[in-house]
């Protein structure tokens, strides 16, 4: 049976972003890395990720930023190990400072490159954020790990992460890891989680 890894990208990214490509390259001979484009709205995204997990049965979830926010919720709910890269647990606050039209930083499969941050989207994130720990359970504390960039200027949620989980790791990078950082810091942790 093929080992599967599900990568969940950040808010401005897509399934073709640099960390997704780096993971695919690193695991080319060892595992199938799924890197879908996520729906913009978090409720749709969570339903999409949950359905994908139930169908594909990944061994581990790997997230970055908003992808880690979503991964924590799904991993807790379904009992799947996860590596949360620079998790952003307060997405509503992040988005409230960025109202307006934006462009994705990497191409999406559907060809849509622009999206709108508005109050309904922020409110939806706020609602999910308020309930993000509802499915937290003690038996998952050793199976959901955090990886924090020492030069991350966007997300500073290691203390909040450590209120729920025990394994926090660091790498010398910023909010979005480079190809080299994915290889050097993400890949070994993903391999350990799979074992």
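Just so you know, all these numbers are worked out from the coordinates, no wet-lab data involved. These figures come from a predicted structure and were not determined experimentally. Ideal geometry is used to build each Cβ from the backbone, glycine not excepted, and the neighbour counts take in all protein chains shown.
Scanning region 131-168 for residues that are in a helix (DSSP H, G or I), surrounded by fewer than 17 Cβ atoms within 10 Å (Cβ to Cβ) and touching a helix residue (DSSP H, G or I) at 6+ places or on another chain (Cβ under 9 Å) yields a total of 0. Tell me yes or no: at least one residue of region 6-13 is farther than 15 Å from residue 189 by Cα and out of contact with any helix residue (DSSP H, G or I) (no Cβ under 6 Å at 6 or more places or on another chain). Checked against the condition, which is being farther than 15 Å from residue 189 by Cα and out of contact with any helix residue (DSSP H, G or I) (no Cβ under 6 Å at 6 or more places or on another chain), region 6-13 yields at least one hit. Of all residues in region 171-186, how many are closer than 18 Å to residue 68 by Cβ, in contact (Cβ under 8 Å) with a residue 60 or more places away in the chain and surrounded by fewer than 19 Cβ atoms within 10 Å (Cβ to Cβ)? Summing the residues that are closer than 18 Å to residue 68 by Cβ, in contact (Cβ under 8 Å) with a residue 60 or more places away in the chain and surrounded by fewer than 19 Cβ atoms within 10 Å (Cβ to Cβ) in region 171-186 gives 2.
Considering 109, 101, the condition of being assigned to a strand (DSSP E or B) and surrounded by fewer than 17 Cβ atoms within 10 Å (Cβ to Cβ) is satisfied by 101 alone. Restricting the search to helices (runs of 4 or more DSSP H) fully inside region 1-93 and requiring at least 3 residues that are surrounded by fewer than 20 Cβ atoms within 10 Å (Cβ to Cβ) and on the phi < 0 side of the Ramachandran plot gives 18-26, 42-56.
When 12, 27, 89, 94 are checked against the criterion of being within 11 Å of the chain's Cα centre (by Cα) and closer than 21 Å to residue 147 by Cβ, a single residue qualifies: 89.
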